[in-house]
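A.B. asks: So that we are looking at the same thing, I have put the structure below in structure tokens.
The values are calculated or read from the model by the stated rules, or taken from the named source; none is laboratory data. The shown structure was predicted, so the numbers you read here are calculated from the model rather than taken from an experiment. So basically every Cβ, Gly included, is an ideal-geometry build from the backbone, and we count neighbours across all protein chains shown. For accessibility, only protein heavy atoms count, side chains too; no ligands or nucleic acids. Shrake-Rupley method; radii C 1.70, N 1.55, O 1.52, S 1.80 Å.
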Amino acid sequence: LDGKAPGRVRQLAGWAGLAGILAAALLLDAHTAYPGGWALLPSLGTALVLAAGRGNAPASQAGALLSARPMQAIGRVSYAWYLWHWPVLLLGASLLPAESGWQRAGFVAVSLGLAAASYALVESPLRRSRRLRARPALVLLLGVMAMGACLAASLSWARHARQWEHSPTQ
């Protein structure tokens with residue numbers, strides 16, 4: 001959809017895209033072969049939403065919905081939420097194995113809270129730091145050190161998991 005597409009086409013594309021994303025969230029489950037053909041549903045839905053808002057044409061109604069303050073707040077922390085959601089879901093399920101929809105929703109809420117906190121306390125201050133902007137070599141060094149620490153922690157965790165897996169109490 002280019003900026004010259006009729007308004008009706010844009011409206012339809014925006015709503016169809018949101019419907020595709022919502023359908024994927026509600027219909028795809030643990031029994032769905034993913035990735036696979038079903039990956040097209042959220043991907044094409046996202047593409048339609050983006051296409052509906054492309055160019056200088058008037059915003060689609062779906063775009064207006066996504067521009068609301070609460071949606072922008074979620075958008076701001078979406079990358080941090082993306083990083084937090086699987087660890088919280090997986091660790092939460094291993095700590096509280098009796099899984100229900102409400103429990104999963106609680107884990108998702110916890111991961112959103114962690115995302116908001118890490119955005120406010122880590123991501124945003126680091127991104128706005130004048131000191132770090134003035135010293136790109138320091139940023140590179142800190143990044144390499146953080147990757148090294150994550151690698152060491154991951155290897156240690158994997159070693160402990162293998163030992164735990166073969167423990168008689170497991």
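A.B. asks: For segment 79-137, give me every one of the helices (runs of 4 or more DSSP H) that falls completely inside it and has 2 or more residues that are of a type in the set (D, E, K, R) and either under 20 Å from Asp29 (Cβ atoms) or at pLDDT below 95 (or both).
C.D. replies: On the way: elements: 101-118, 124-128, 130-134.
Output list reads 124-128, 130-134.
A.B. asks: Taking segment 34-49, which residues are open to solvent by 60 Å² or more (accessible area, probe 1.4 Å) and in contact (Cβ under 8 Å) with a residue 24 or more places away in the chain?
C.D. replies: Residues satisfying the conditions are Leu44, Thr46, Leu48.
A.B. asks: Looking for whichever is among the aliphatic types (A, V, I, L, M) and over 30 Å from Ala93 (Cα atoms) here; the options are Ala134, Ala146, Ala105. Which one fits?
C.D. replies: Working: Ala146 fails: over 30 Å from Ala93 (Cα atoms); Ala105 fails: over 30 Å from Ala93 (Cα atoms).
None of the other options fit; the residue is Ala134.
A.B. asks: So which residues in segment 96-117 are of a type outside the set (A, V, I, L, M) and surrounded by fewer than 13 Cβ atoms within 10 Å (Cβ to Cβ)? Can you show your working first?
C.D. replies: Filtering segment 96-117 for residues of a type outside the set (A, V, I, L, M) gives 97, 99-104, 106-107, 111, 113.
Correct list: Pro97, Glu99, Ser100, Gly101, Trp102.
A.B. asks: Look through Leu83, Leu151 and report the one residue that is open to solvent by 80 Å² or more (accessible area, probe 1.4 Å) and either in contact (Cβ under 8 Å) with a residue 24 or more places away in the chain or closer than 30 Å to Leu18 by Cα (or both).
C.D. replies: Details: Leu151 fails: either in contact (Cβ under 8 Å) with a residue 24 or more places away in the chain or closer than 30 Å to Leu18 by Cα (or both).
Selected residue: Leu83, the only one of Leu83, Leu151 that is open to solvent by 80 Å² or more (accessible area, probe 1.4 Å) and either in contact (Cβ under 8 Å) with a residue 24 or more places away in the chain or closer than 30 Å to Leu18 by Cα (or both).
A.B. asks: Tell me which residues, restricted to segment 118-148, are within 25 Å of the chain's Cα centre (by Cα), open to solvent by less than 70 Å² (accessible area, probe 1.4 Å) and more than 27 Å from Gly75 (Cβ to Cβ).
C.D. replies: Residue satisfying the conditions is Gly148 alone.
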